[in-house]
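Trainee: Have a look at this one.
The values are calculated or read from the model by the stated rules, or taken from the named source; none is laboratory data. Everything quoted here is computed from the prediction, not taken from an experiment. Every residue, glycine as well, gets a Cβ built from its backbone with ideal geometry; the counts of neighbours run over all protein chains shown. These accessible areas exclude ligands, DNA and RNA; they are computed on the full protein's heavy atoms, side chains included. Shrake-Rupley method; radii C 1.70, N 1.55, O 1.52, S 1.80 Å.
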Amino acid sequence: MLNFRRISEKRLILFFLVLIINFIFCFKIEAQTGKKITTVVIDAGHGGKDPGAVGRKTKEKDVTLKVAKMTGDYIKQYCPDVKVVYTRSSDVFLTLQKRAQIANDNNADLFISIHCNATKSTNVQGVETFVMGEHKNASNLEVAKLENAAILYEDDAANSYDGFDVNSTEAYIMLSFFQSEFKNSSLEFAEHVQNQLVQRVGRKDRGVQQAGFLVLHKTAMPSVLVEIGFLSNPAEENFLNSKDGQTYIASALFRAFRDYKKEYEKDNAIEGDAYEKIDKPQIIDANKIVYKVQIESRSRKLDNASQQYKGLENIDFYEHNGQYKYTAGVFYTKKEADEYCKKVRAKGYSSAFVVSFKNGIRQ
Ligand SMILES: [Zn+2]
């Protein structure tokens, strides 16, 4: 699309056309409702002949693979409605272009590229999450240069990236012209990632940043590149190399995903959607025992529970032994709940029964 070797007038016209198309597409995306996060692509940085950053005893490619797999496992376990796709699940080399293509081919809703940082100083430490954009300082540019240098291991990089020169600052400015229509969502997810890594895992905060990453350049969905720490810092290397450290980081990435998904789906919910009703706070004193009518249990979470149980009120669910138990109504007295249970049964849910909760916990 954009030739970094020579930009003719024709190409500039094409470039502005792309910008206009992006704008229209963006508008369409904004207007969309009811969309859910159903596929996530997790990209373990580097691999095979490309070790990535190298610490005293650790290669970036090994840490990123372990953390990627753990993150995916958590998502599979706790968000069973989400398909997890890995760009690689073993120690193999993949081009940056291929990684983006895997995300696009799978129509992913989110792309997470996991990396470790390195710098000359052994003191520098912390986590930062990048989205595609214009770098605001030299340090961000350095990170992008370091990560984009992965294409130096590729056989056909000159053609694949239209002559992109990983060391040319101008090339990065050109690259940042391509503002993704998914930038806002990418920034939102990036904030969740930083919050989790900093607040919950206690890593040093280097913030949400922007720079021109080739791996993020061609993905057609919200995308981030997270630098989970510096292998050049001995203490951080030890942490990243440990099972505990990897578990902490992966669970933080999982929680960031879960929170982003929840918010995204709430924001995009159409009227009458399950999320609207389930998440609407009920005016109920949590300390009191409340009664609900359990309708049935399901092995999978419903996309649109209030549609499914049309005609019943206050549809909610709780999880137990991997099952989603759907309930209707919410009452302070068992008598009221019993009355309502009769109505629910009369609607065809013959095995409905009354259950009680205190502080949201089934009694
Ligand atoms: Zn990397």
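Trainee: Considering Gly329, Gly322, which residue is within 28 Å of Tyr78 (Cα to Cα) and open to solvent by less than 50 Å² (accessible area, probe 1.4 Å)?
Mentor: Working: Gly322 fails: open to solvent by less than 50 Å² (accessible area, probe 1.4 Å).
After ruling out the rest, the residue left standing is Gly329.
Trainee: I need a count of the residues in the stretch 119-132 that are surrounded by fewer than 23 Cβ atoms within 10 Å (Cβ to Cβ) and in contact with a Gly (Cβ under 8 Å, 6 or more places away or on another chain).
Mentor: Within the stretch 119-132, the first condition is being surrounded by fewer than 23 Cβ atoms within 10 Å (Cβ to Cβ), and the residues that meet it are 119-126.
This time we only want the ones that are in contact with a Gly (Cβ under 8 Å, 6 or more places away or on another chain), so: 125-126.
Going through the stretch 119-132 one residue at a time, the tally reaches 2.
Trainee: Looking at the stretch 246-257, is at least one residue surrounded by fewer than 24 Cβ atoms within 10 Å (Cβ to Cβ), aromatic (Phe, Trp, Tyr) and within 20 Å of Thr87 (Cα to Cα)?
Mentor: yes
Trainee: Search the stretch 42-80 for residues being within 14 Å of the chain's Cα centre (by Cα) and of a type in the set (Asp, Glu), and hand back the single one that is nearest to the ligand (Cβ to nearest atom).
Mentor: The residue in question is Asp43.
Trainee: Give me a count of the residues in the stretch 111-167 that are among the polar types (S, T, N, Q) and within 13 Å of the ligand (Cβ to nearest atom). Before you say what the answer is, go through the steps one by one.
Mentor: Applying the first criterion (among the polar types (S, T, N, Q)) to the stretch 111-167 yields 113, 117, 119, 121-123, 125, 129, 137, 139-140, 148, 159-160, 167.
Among the residues that remain, those that are also within 13 Å of the ligand (Cβ to nearest atom) are: 113, 117, 119, 148.
So the count comes out to 4.
Trainee: Next question. Could you tell me whether Ser306 is in a loop (DSSP other than H, G, I, E, B) and either over 30 Å from the mean Cα position of the chain (by Cα) or within 23 Å of Ile37 (Cβ to Cβ) (or both)?
Mentor: Values: in a loop (DSSP other than H, G, I, E, B): no; either over 30 Å from the mean Cα position of the chain (by Cα) or within 23 Å of Ile37 (Cβ to Cβ) (or both): yes.
No: the conditions fail for Ser306.
Trainee: So how many residues does the stretch 212-244 have that are under 21 Å from Asn137 (Cβ atoms), of a type in the set (A, V, I, L, M) and part of a helix (DSSP H, G or I)?
Mentor: Count: 3.
Trainee: Any residue in the stretch 225-238 that's more than 11 Å from Arg206 (Cβ to Cβ) and small (Gly, Ala, Ser): show its pairings with residues that are open to solvent by less than 10 Å² (accessible area, probe 1.4 Å) and within 14 Å of the ligand (Cβ to nearest atom) at Cβ separation under 8 Å, as long as the two are six or more apart or on different chains.
Mentor: Matching pairs, first to second residue: Ser232/Asn117.
Trainee: Which residues, taken from the stretch 334-347, are open to solvent by 60 Å² or more (accessible area, probe 1.4 Å) and in contact (Cβ under 8 Å) with a residue 24 or more places away in the chain?
Mentor: Matches in the stretch 334-347: Lys334, Glu336, Lys347.
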